[in-house]
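The values are calculated or read from the model by the stated rules, or taken from the named source; none is laboratory data. For clarity, every value in this text was computed on a predicted model and none was experimentally measured. Backbone-built Cβ (ideal geometry, glycine too); neighbour counts: all protein chains shown.
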Amino acid sequence: MQPVSIEIIAGLVGVAGVAGFVDAIAGGGGLLTIPALLWAGLGPVQALGTNKLQAVFGAFSATANFFHKGEIRLRPVLPTVCLTFAGAAAGSVTVQHIRAELLGDLLPLLLIGFALYFLLSPRVGDIDSHRRIPPAAFWPVGFAIGFYDGFFGPGTGSFFALAIVALLGHNLRRATAHAKLLNFASNLAALLLFLEGGHLVWQVGLPMAVAQALGAYLGSHMVLRHGARLARPLLVTVSLLISCRLLMTR
């Protein structure tokens, strides 16, 4: 592609910062960055690959802050991280051979259901609740959502947060922290496959990565400070906005 102007890069950096902030709290940052990258003139595959480049930095920044503050216990979740990575890699390969229209039709309905769960369920709060499955039973859930992220993508962070709250009984702050760790694993797997295919636009992706990391760091601080009071309404709002956008583009 032709070199991107400084003005366009500056606009993309601003979008990436906002996306990183929102994504660290509720997920859905890609719904801001992918349209912006397409607007800047990147092709669809370049936009997806470059988005994964900057998203990895944002997810790592938020994850590192959550880990530093003691919200992530790495050893119990490590098998899920590995399976999430494997699932995302499998999804990234599969999407090259299978059309995603059916999943695209189903996704808005799933997100609306998740938004209603976050809005209405008394289990979603700042206090841990009853765990419904043992940690080992969550491993295939990580693989499945990771596969989805590599295959399609929008709403992955919300899916992880919902699954962790509903199945493992974590409070919303801890669920958001572990969701970012798992999202980092899935983003990294997809990024490596896009990198192998030569689909990254570095002059755009690297400046956006810096802004995404900064926004994600600030967003993770907001989650740590305000917990469910902030994350819960944002998760509901982001899920509904993603649903509306996907329904409008069908």
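Overview of results
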item: Test result for Leu78, of a type in the set (A, V, I, L, M), modelled with pLDDT under 90, surrounded by fewer than 18 Cβ atoms within 10 Å (Cβ to Cβ) and under 18 Å from Ile164 (Cα atoms); result: no
item: Selection within region 149-198 - more than 10 Å from the chain's Cα centre (by Cα), of a type in the set (Gly, Ala, Ser) and not in a helix (DSSP H, G or I); result: Gly169, Gly197, Gly198
item: Candidate set: region 166-217, residues that are among the hydrophobic types (A, V, I, L, M, F, W, C) and closer than 14 Å to Glu71 by Cα; chosen: the one modelled with the lowest pLDDT; result: Leu172
item: Long-range neighbours under 9 Å by Cβ, at least six apart or interchain, first residue within 26 Å of Ala26 (Cβ to Cβ) within region 197-216, second assigned to a loop (DSSP other than H, G, I, E, B) and not hydroxyl-bearing (Ser, Thr, Tyr); result: Val204/Val4; Val204/Ala40; Val204/Leu42; Gln212/Gly29; Gly215/Gly29; Ala216/Gly29
item: Output for region 19-37, where each listed residue is more than 14 Å from Ala213 (Cα to Cα) and at pLDDT 80 or above; result: Ala36, Leu37
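Conditions (1) of a type outside the set (D, E, K, R); (2) in a helix (DSSP H, G or I); (3) in contact with a helix residue (DSSP H, G or I) (Cβ under 6 Å, 6 or more places away or on another chain), marked per residue:
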| position | (1), (2), (3) |
| --- | --- |
| Pro3 | yes, no, no |
| Ile8 | yes, yes, no |
| Val15 | yes, yes, yes |
| Phe21 | yes, yes, yes |
| Ala24 | yes, yes, yes |
| Gly28 | yes, no, yes |
| Ala36 | yes, yes, yes |
| Thr50 | yes, yes, yes |
| Leu53 | yes, yes, yes |
